[in-house]
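Q: Quick one: the structure is below, and I'll ask about it shortly.
FYI, it's all coordinate maths here, none of it is from the lab. As the structure is a computational prediction, the values presented were derived from the model and not from experiment. Neighbour counts are summed over all protein chains in view; Cβ atoms, including those assigned to glycine, are modelled from backbone coordinates with ideal geometry.
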Amino acid sequence: MGSPPPIAMPDELELPQLMSAPAAEAVIDGRRMLYFGGTGYLGLQAHPEVIRAGCAALERYGVHSATTRTNFGSPSALAVERVAAELTGKEAAFYFASGYLGPQILLRGIATEFDAVFVDAQAHYCVHEAAEQCRLPVATFVHRSPLDLQAVLAAHLGGGARPLVLCDGVSPVTGAIAPLGEYCNVLRDYAGAGVLIDDAHGFGVLGEHGRGTWDHAGLDGPQINGDTLPRQTPAPSTSVRQFACVTLSKAIGGHGGLIAGSAALIRRLKEQSGHYRGASAPAAPVAGASAAGLRLALENSQLRDQLRRNVALLKHGLGRLGLPCDDSPMPIAGFSLGDQVNMERIQRELLAHEIAIGFLRSYTNLGPHGALRIAVFADHQPWMIEKLIAALQNIM
Ligand SMILES: Cc1ncc(COP(=O)(O)O)c(C=O)c1O
């Protein structure tokens, strides 16, 4: 098993250029248009409170601390950790430069408590890379298939071995949600088993409290990223251990990766992580903005409720056009429509109507032709979504 093979990348200069904040209306290639791309699901990247908090942190602390966190503490990063712990109901948190690092940092801290890892074959690059680096045997299972997971576990595990399943909480391109409850059911036969999710896209969006995919599955609680178990302690056979890492760069409107959990686990992750010992803290303005974004996203459900109404409107409209989309609350619809030439045409013609959607030529879980990807935000107005659906109908 290995991470996905290298791919021919498009020349970034030839792609549509995003020349403003990624809000419902954005400037692309110098023209103001409706924007349905990217991951700013709650519309927070340009929220006045987020911008103000980022500017205040920049003025107070400068660009960043220019020291590692084990030399001088970084109040702006510590503030993010405090707010994140408070709003996710955890004891502590670890805030670091990029969500991409999350699976690697978390897996490194818990790897000794498992005997093999089982990775969703279409998980994000960073999940595959973390698995490759963790020095445990690695096997893959078919994307979002509890049945295949069951078969792969049976084929690879000897008696008493403790499996750890790795996957995305939400697939970045299609928005498909991982069947976490079903994975846990499969794993109940394996004492000491665990599931670790990269919840980059679920955090701030899914679940009653916006805490992400575990919350959506009805499995949220202080047990997530809980205390590590000493190797000798027999784990209760009925409970599957739960882990998650998230990013603040998508729904939260800030930037950087985050792991929130028990004080003991977070201390251990920091002790073991070169990103704590040997890297600068995340830059002060993004830390200031991220703390404000966390409050706006998680303190109440207003933005999520707004987003859910827009998701329903978008998916209803796409359904009317016969386009494939599920009825989940994820604000993403990703699908292939013919070949690459056709999908590039659709993207181009929508741009001519001043509507921008994504076209991904390749990504972790795409077919050979790529996919169109539509993301809806909390700050889209109903008329904007209707305009997109009408334009799609004309163009397809
Ligand atoms: C599933 C997933 N994990 C991690 C990342 C990386 O997060 P960040 O942008 O915070 O580094 C992304 C994409 O950006 C992603 O889609």
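Q: Return the lysines within reach of Lys387: Cα separation strictly under 26 angstrom, same-chain partners fewer than 8 residues apart disregarded; answer none if there are no such residues.
A: Correct list for Lys387: Lys250, Lys315.
Q: Given H placed on each backbone N at 1.01 Å, which residues far from Ala116 in sequence or on other chains put an amide H within less than 5 Å of it?
A: Arg162, Leu164
Q: Most exposed first by the Cβ proxy, i.e. fewest other Cβ within 10 Å, how do Lys387, Lys315, Lys250 rank?
A: Sorted ascending by nearby Cβ count, the order is Lys387, Lys315, Lys250.
Q: Which net charge results when you count Lys and Arg as +1 and Asp and Glu as -1 among the other residues whose beta-carbon is under 11 Å from that of Asn342?
A: -1
Q: Also, I was wondering about something else. Please give the Cα centre distance for the range 243-308 versus the range 176-223, rounded to the nearest Å.
A: 18 Å
Q: How high is the relative contact order of the range 233-327, in percent, counting Cα pairs under 8 Å that sit 6 or more residues apart?
A: That works out to 22 percent.
Q: Binned at 20 Å from 0, what are the whole-percent values of the Cα-Cα distance distribution for the chain, short to long?
A: Percent of pairs per bin, in order: 28, 58, 14, 0.
Q: Using Cα-Cα distances under 8 Å and only pairs 6 or more residues apart, what relative contact order does the range 295-396 have, in percent?
A: Averaging sequence separation for qualifying contacts and normalising by length gives 33 percent for the range 295-396.
Q: How long are the three semi-axes of the equivalent ellipsoid of the range 237-301, in whole Å, if each is the root of 5 times an eigenvalue of the C-alpha gyration tensor, listed from largest down?
A: Listed largest to smallest, the semi-axes of the range 237-301 are 23, 19, 9 Å.
Q: For the chain, what is the relative contact order in percent, using Cα pairs closer than 8 Å and at least 6 residues apart in sequence?
A: 24 percent.
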